[in-house]
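Enquirer: Below you'll find the structure I mean.
The values are calculated or read from the model by the stated rules, or taken from the named source; none is laboratory data. The structure presented is a predicted model; accordingly, all values stated were derived computationally and were not measured. Don't worry about glycine lacking a Cβ; one is built from the backbone with ideal geometry, like all the others, and counts go over all protein chains shown.
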Amino acid sequence: MRITIILNLVMLINALVAGPQNTTGFKYGPYFSAVIINNVDSSTAWYQSVFDLKIKNRINDTERGFRVTILESPMFLLELIENRSWPAQKKLLADKPEGTRIEGFFKIGFHVPDMNACLKHLAALKIIPERIYTDPETKKRNFLVSDPDGNLLQFFEQ
């Protein structure tokens, strides 16, 4: 009986100390993002200038009406997709109430170790956030900018 109580106590303490377990059963980290854009050439230039990305691959399938550029850096992989066979979002939403969106990703977020350097870099590219938000507890800042197609990118101070 004493051994059962001790074993149960040890298991209880172990469960409390260990805390919540990873329920996915595997470790993971961000790998890449894909963004739907209107013009792969202008968006490629924009993303290269903002993130210093290099072209890894280009796909031009004129038969199916799409062009893809895959950009990379040591920390980030980005796929830009231009597809002329898909209907334009603006056309699909033309008669819908203002603010109506098509389901999908809302924005992409990035951690920034030096927010002032990030803001200075973007300002040199004439990309100025409309507002910089400050978390009232941590005092860390974040802001949103739009790419040439209106896709949102959010930058968070680490």
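Enquirer: Considering region 109-153 alone, what residues qualify as being among the charged types (D, E, K, R), surrounded by 12 or more Cβ atoms within 10 Å (Cβ to Cβ) and without any contact (Cβ under 8 Å) to a residue 40 or more places away in the chain?
Expert: Within region 109-153, 140, 141 qualify.
Enquirer: Kindly indicate whether any position in region 44-60 is under 20 Å from the mean Cα position of the chain (by Cα), part of a loop (DSSP other than H, G, I, E, B), among the aliphatic types (A, V, I, L, M) and closer than 26 Å to residue 31 by Cα.
Expert: yes
Enquirer: Continuing with the same structure: Within region 6-13, does at least one residue satisfy the condition of being among the aliphatic types (A, V, I, L, M), at pLDDT below 85, in a loop (DSSP other than H, G, I, E, B) and not assigned by TED's automatic domain parsing to the domain that holds residue 152?
Expert: Scanning region 6-13 turns up no residue that is among the aliphatic types (A, V, I, L, M), at pLDDT below 85, in a loop (DSSP other than H, G, I, E, B) and not assigned by TED's automatic domain parsing to the domain that holds residue 152.
Enquirer: Hey, residue 85 hits all of (1) touching a strand residue (DSSP E or B) at 6+ places or on another chain (Cβ under 8 Å); (2) of a type outside the set (Phe, Trp, Tyr); (3) surrounded by 10 or more Cβ atoms within 10 Å (Cβ to Cβ); (4) in the same structural domain as residue 66 (by TED's automatic domain parsing) but one; which does it fall short on?
Expert: All conditions pass for residue 85, except number (3).
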